[in-house]
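Input: a single structure, listed below in structure tokens.
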Amino acid sequence: MFDRDGDGVITPAELSGALGRLGLSLGVGGPPAPLDAFVAAYVAPGMAGLRFVDFEALHADLAAADDATHGQGNKEDEEMMEAFRVFDEDGDGYISAAELQAVLMRMGLPEAGCLARVRDMIAAADRNSDGRVDFDEFKAMMAGGIDV
């Protein structure tokens with residue numbers, strides 16, 4: 001999703017674009033220049049952007065900084081809820097096929113073009129067969145308990 005050109009490297013522009021499509025920001029403030037400077041600390045010498053291992057290190061450091069700012073709490077559930085809210089656009093506590101399709105479209109993913117495929121994705125995570133994904137189903141899917 002982040003590596004738009006599929007070259008195995010996430011450039012600051014790709015990172016910024018992906019976060020923007022998800023309605024998120026890296027939290028470093030301002031226009032791309034601060035993002036470039038922040039991400040540069042994680043880019044290996046000679047690379048144009050982040051390799052997967054670099055991306056993981058960036059994410060781990062951001063999570064650690066957030067823990068220091070907000071306290072430990074149940075950090076995993078808080079992060080999972082934040083991700084869930086990206087998909088639950090109307091805030092009703094469920095992800096519908098229409099909401100999933102809208103997010104996939106913003107991310108520029110080809111799966112968004114086929115509502116039947118989006119409905120299949122919902123059905124794969126929908127343990128109670130109500131046609132939508134609740135937070136517990138989302139957590140199970142994200143934990144790898146469900147193949148989508």
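The values are calculated or read from the model by the stated rules, or taken from the named source; none is laboratory data. Just so you know, these numbers come straight off a predicted model, no measurement behind them. Reconstructed Cβ throughout: ideal geometry from the backbone, glycine too, with neighbour counts over all protein chains shown. For accessibility, only protein heavy atoms count, side chains too; no ligands or nucleic acids. Shrake-Rupley method; radii C 1.70, N 1.55, O 1.52, S 1.80 Å.
With respect to ALA83, determine if the residue is in a helix (DSSP H, G or I) and at pLDDT 90 or above. Reasoning before the result, please.
Numbers: in a helix (DSSP H, G or I): yes; at pLDDT 90 or above: no.
No; evaluated as a whole, the condition is false for this residue.
Can you tell which of ALA98, ALA112 is part of a helix (DSSP H, G or I) and open to solvent by 40 Å² or more (accessible area, probe 1.4 Å)?
On the way: ALA112 fails: open to solvent by 40 Å² or more (accessible area, probe 1.4 Å).
Exactly one of ALA98, ALA112 is part of a helix (DSSP H, G or I) and open to solvent by 40 Å² or more (accessible area, probe 1.4 Å), namely ALA98.
Specify the residue that is modelled with the highest pLDDT; the eligible residues are those in region 16-67 that are under 17 Å from GLU79 (Cα atoms) and assigned to a loop (DSSP other than H, G, I, E, B).
Of everything passing the filter in region 16-67, LEU22 is modelled with the highest pLDDT.
Open to solvent by 60 Å² or more (accessible area, probe 1.4 Å) and either modelled with pLDDT of 95 or more or touching a Phe, Trp or Tyr at 6+ places or on another chain (Cβ under 6 Å) (or both), is that true of ARG132? Let's see the steps before the verdict.
Numbers: open to solvent by 60 Å² or more (accessible area, probe 1.4 Å): yes; either modelled with pLDDT of 95 or more or touching a Phe, Trp or Tyr at 6+ places or on another chain (Cβ under 6 Å) (or both): yes.
The answer is yes for ARG132.
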